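The values are calculated or read from the model by the stated rules, or taken from the named source; none is laboratory data. This is a predicted model, so every value here is computed, not measured. Reconstructed Cβ throughout: ideal geometry from the backbone, glycine too, with neighbour counts over all protein chains shown. Note: areas computed on protein heavy atoms with side chains; ligands, DNA, RNA excluded. Shrake-Rupley method; radii C 1.70, N 1.55, O 1.52, S 1.80 Å.
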Amino acid sequence: MAKSPGGALLSGFIIERNSRVPIYRQLDASLRRLILHGSLAPGQKLPSTRELCRELGVSRITVKSVYEQLIAEGYAQARTGAGTFVAEGLVFEAIPKFKRPRHRIRVPDIEISDRARAIMLSKATVRHGKTEPFRPGVPALDMFPIKTWNKYLLDAMTCEQRHHLSYGQLNGSSDLRGSIAKHLSDARGMQVDPEQIIITSGAQQAFVLIAFVLLNKGDVVWYENPGHIAGRDVMQIMGANIEPVPVDSEGLDIQFAIDNHPPPAIIFTTPSHQQPLGTTMSLVRRLTLLNYAHENDAWIIEDDYDSEFRYRGRPLPALSALDGERRVFYVGTFSKSMFAAIRTGYVVVPPGLVDSFAKAGSLLGHGSSAVVEQALSRFMDDGRYIEHIRKMRRVYRERRDVLFECLMNDCTDSLEPQATDAGMHIVAWLKNGMDDQVVHRALLNAGIESLPLSVYCIGPLNRSGIVLGFCCAHENRIPNLVKRMSRILKKLA
Ligand SMILES: Cc1ncc(COP(=O)(O)O)c(C=O)c1O
């Protein structure tokens with residue numbers, strides 16, 4: 001039981017009013033048992049007699065006399081002005097502990113739904129857990145201005161702002177939606193009414209909402225292949241038929257999809273920086289895609305997950321900025337530009353769909369915190385967000401350059417790194433027929449992360465490769481890490 005400044009909760013206590021055992025004895029026996037078994041630890045504060053008698057619905061005299069008895073026997077100690085505590089220094093080694101059953105209790109096989117079975121097959125959980133250098137998509141967390149951010153969080157938690165402690169607005173804070181609309185206009189060339197923005201707990205919740213609101217069982221989704229794992233799997237689990245569409249040097253190959261697949265309800269794409277291959281969709285391809293969607297009543301999901309990080313030239317405006325017909329759901333996240341634990345993202349939805357999205361969001365567990373939304377809005381309005389992005393762009397450019405150079409110097413016997421002008425990772429193509437899963441596991445055993453390209457794919461790979469994130473590895477460490485990589489790869493070749 002956790003220590004608590006207000007005293008232990010004792011929430012397991014039940015007074016049997018119909019029992020022949022007097023209430024006094026029930027309370028006394030329960031407290032002794034908790035102390036003897038260590039559930040109430042030495043030094044832990046007991047609830048005040050006033051609190052406990054109110055919670056249990058017994059008289060205060062009963063509680064007081066139980067406490068006095070425990071104190072008299074050395075189980076508890078009274079501290080003037082502070083309350084009653086479990087006695088310090090009690091050693092219960094001689095007392096038999098609660099015995100676990102010798103044999104594990106057999107639990108019958110638990111039937112899970114077909115949906116849950118499909119979820120168990122998803123590889124989307126690769127982004128969880130401890131982070132080692134080169135994990136794709138992880139920002140330089142040690143460079144995030146935590147002290148500044150904490151000030152914004154504290155401001156959002158002041159006594160005058162108690163309304164932020166509630167559920168907040170259905171679509172997310174109007175302040176934050178306004179800040180995002182300004183940012184999208186400035187950074188992505190999009191003219192968005194803040195009313196069209198729904199705040200989510202990250203891009204993934206936006207994909208869940210889109211699938212929930214728009215997809216019926218059997219609907220076709222054209223999905224980039226290789227492509228973002230978690231978005232693909234959630235749509236499949238919601239009953240969609242995912243049709244893989246290859247990616248060429250101009251982005252999603254629409255002609256291939258038209259020639260090979262039934263018309264889609266949704267097309268999923270990452271035009272700024274294809275996940276994971278890194279291609280930027282050409283303007284011609286963008287216009288073709290928009291025209292196709294308009295003529296065939298298809299929706300497009302534009303996942304703009306890491307467009308903040310472009311290292312050469314100016315970024316192309318978002319696909320959504322070209323969309324006069326409002327066929328695009330633009331999805332943004334703060335997981336890459338700030339940190340994933342912020343659990344905040346958003347989706348810009350076409351005007352007629354705002355209410356269904358907001359209500360679906362509420363039903364699926366309103367995902368973001370009104371306190372964080374408020375802090376983030378101020379952080380953006382004060383220019384802190386852009387300041388951080390600018391700084392990270394410089395840092396990441398350097399890390400990208402160092403990683404690329406080291407790979408070229410040390411690893412070209414076994415892999416061919418692909419140059420990239422944007423994003424947070426490099427794709428390295430494997431040579432000598434090496435299996436990307438084997439390489440991934442061998443590197444991980446040596447404390448180096450990567451992701452095998454095959455986890456992003458539906459069906460077999462044309463060419464095997466690994467994805468290396470350069471943002472979360474300090475530039476001074478990269479040369480040695482790559483040397484270590486090179487030794488491992490040589491052994492595998
Ligand atoms: C392609 C892509 N989109 C979006 C996200 C962000 O997801 P979220 O905002 O839920 O953290 C990621 C992160 O892994 C990603 O790789």
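So in region 109-138, with the set limited to residues that are hydrophobic (A, V, I, L, M, F, W, C) and under 26 Å from residue 482 (Cβ atoms), which one is surrounded by the most Cβ atoms within 10 Å (Cβ to Cβ)? Break it down stepwise before answering.
Applying the first criterion (hydrophobic (A, V, I, L, M, F, W, C)) to region 109-138 yields 110, 112, 116, 118-121, 124, 126, 134, 138.
Adding the requirement that they be under 26 Å from residue 482 (Cβ atoms) leaves 126, 134, 138.
Values: 126: 18, 134: 27, 138: 22.
Checking each candidate, the answer is 134.
Is it the case that some residue within region 233-246 is under 23 Å from residue 346 (Cα atoms) and within 13 Å of the ligand (Cβ to nearest atom)? Full working, then the answer.
So the first thing to find is which residues in region 233-246 are under 23 Å from residue 346 (Cα atoms), and the list is 233-238, 240.
Still in the list and also within 13 Å of the ligand (Cβ to nearest atom): 233-234.
Within region 233-246, one or more residues are under 23 Å from residue 346 (Cα atoms) and within 13 Å of the ligand (Cβ to nearest atom).
Out of region 132-164, which residues are among the small types (Gly, Ala, Ser) and more than 16 Å from the ligand (Cβ to nearest atom)?
If we filter region 132-164 for residues that are among the small types (Gly, Ala, Ser), which is where we start, we get 137, 140, 156.
Once the filter is applied, which keeps residues that are among the small types (Gly, Ala, Ser) and more than 16 Å from the ligand (Cβ to nearest atom), region 132-164 yields only 156.
Could you check, for region 139-154, whether at least one of its residues is open to solvent by less than 20 Å² (accessible area, probe 1.4 Å) and in a helix (DSSP H, G or I)?
Yes, the conditions are met somewhere in region 139-154.
If I ask for residues that are touching a residue at least 12 places away in the same chain (Cβ under 8 Å) and either basic (Lys, Arg) or within 17 Å of residue 426 (Cα to Cα) (or both), which ones from region 378-398 would you list?
Selection gives 378, 384, 391, 392, 393, 395, 396, 397, 398.
Of the numbered conditions (1) assigned by TED's automatic domain parsing to the domain that holds residue 293; (2) open to solvent by less than 40 Å² (accessible area, probe 1.4 Å), residue 402 satisfies every one except a single condition; which is it?
The one condition residue 402 does not meet is (1).
Would you please list the contacts, defined by Cβ atoms under 8 Å and residues six or more apart or on different chains, that run from a residue in region 42-55 that is part of a helix (DSSP H, G or I) to a residue that is of a type in the set (Lys, Arg) and surrounded by fewer than 16 Cβ atoms within 10 Å (Cβ to Cβ)?
Every condition considered, the pairs that remain are 49/60; 49/64; 50/60; 53/60.
Residue by residue, here is whether (1) closer than 21 Å to residue 349 by Cα; (2) touching a Phe, Trp or Tyr at 6+ places or on another chain (Cβ under 8 Å) holds:
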site: 134; (1), (2): no, yes
site: 145; (1), (2): no, no
site: 150; (1), (2): no, no
site: 154; (1), (2): no, no
site: 159; (1), (2): no, no
site: 162; (1), (2): no, no
site: 165; (1), (2): no, no
site: 168; (1), (2): yes, no
site: 189; (1), (2): yes, no
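Those residues that are open to solvent by 20 Å² or more (accessible area, probe 1.4 Å) and within 16 Å of the ligand (Cβ to nearest atom), I need them from region 247-274; list them, please. Even if it seems obvious, please write down each step before you answer.
To start, the set of residues in region 247-274 that are open to solvent by 20 Å² or more (accessible area, probe 1.4 Å) comprises 247-250, 253, 255-256, 258-263, 265.
Listed by number, the list holds a single entry, 247.
Residue 81 passes all but one of (1) modelled with pLDDT of 85 or more; (2) within 17 Å of residue 27 (Cα to Cα); (3) not aliphatic (A, V, I, L, M); which number fails?
(2)
Of the numbered conditions (1) modelled with pLDDT under 95; (2) open to solvent by 10 Å² or more (accessible area, probe 1.4 Å); (3) not in a helix (DSSP H, G or I), residue 297 satisfies every one except a single condition; which is it?
(1)
Please go through region 362-374 and pick out each residue that is open to solvent by less than 30 Å² (accessible area, probe 1.4 Å), more than 16 Å from the ligand (Cβ to nearest atom) and within 19 Å of the chain's Cα centre (by Cα).
The answer is 370, 371.
Mind checking which residues of region 343-361 are assigned to a helix (DSSP H, G or I), open to solvent by 60 Å² or more (accessible area, probe 1.4 Å) and either touching a residue at least 24 places away in the same chain (Cβ under 8 Å) or within 16 Å of the ligand (Cβ to nearest atom) (or both)? If you could, list the steps in order and put the result at the bottom.
Just the residues of region 343-361 that are assigned to a helix (DSSP H, G or I), to begin with: 351-361.
Pick out the ones that are also open to solvent by 60 Å² or more (accessible area, probe 1.4 Å) and you get 351-352, 355, 359.
Hits for region 343-361 are 351, 359.
Rundown of residues vs (1) in contact with a His (Cβ under 8 Å, 6 or more places away or on another chain); (2) under 19 Å from residue 190 (Cα atoms), yes/no style:
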residue	(1), (2)
241	no, no
250	no, no
262	no, no
267	no, no
275	yes, no
294	no, yes
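Of all residues in region 205-237, how many are assigned to a loop (DSSP other than H, G, I, E, B) and either touching a residue at least 60 places away in the same chain (Cβ under 8 Å) or β-branched (Val, Ile, Thr) (or both)?
Just the residues of region 205-237 that are assigned to a loop (DSSP other than H, G, I, E, B), to begin with: 215-219, 226-228.
From what's left, either touching a residue at least 60 places away in the same chain (Cβ under 8 Å) or β-branched (Val, Ile, Thr) (or both): 226-228.
Qualifying residue count for the region: 3.
Looking at this structure, is residue 208 within 30 Å of residue 171 (Cα to Cα), more than 16 Å from the ligand (Cβ to nearest atom) and not assigned by TED's automatic domain parsing to the domain that holds residue 456?
Details: within 30 Å of residue 171 (Cα to Cα): yes; more than 16 Å from the ligand (Cβ to nearest atom): no; not assigned by TED's automatic domain parsing to the domain that holds residue 456: yes.
Taking the combined requirement at face value, the residue does not satisfy it.
List pairs: first in region 29-40 and under 12 Å from residue 87 (Cα atoms), second surrounded by fewer than 17 Cβ atoms within 10 Å (Cβ to Cβ), Cβ under 7 Å, 6+ apart or cross-chain?
36/92; 36/95; 38/92; 40/1
Which of the residues spanning region 185-205 are within 16 Å of the ligand (Cβ to nearest atom) and either under 30 Å from residue 451 (Cβ atoms) or open to solvent by 10 Å² or more (accessible area, probe 1.4 Å) (or both)? Full working, then the answer.
Pass one, region 185-205, residues within 16 Å of the ligand (Cβ to nearest atom): 188, 197-205.
Answer for region 185-205, where residues must be within 16 Å of the ligand (Cβ to nearest atom) and either under 30 Å from residue 451 (Cβ atoms) or open to solvent by 10 Å² or more (accessible area, probe 1.4 Å) (or both): 188, 198, 199, 200, 201, 202, 203, 204, 205.
Of all residues in region 275-333, how many are within 16 Å of the ligand (Cβ to nearest atom) and aliphatic (A, V, I, L, M)?
Qualifying residue count for the region: 8.
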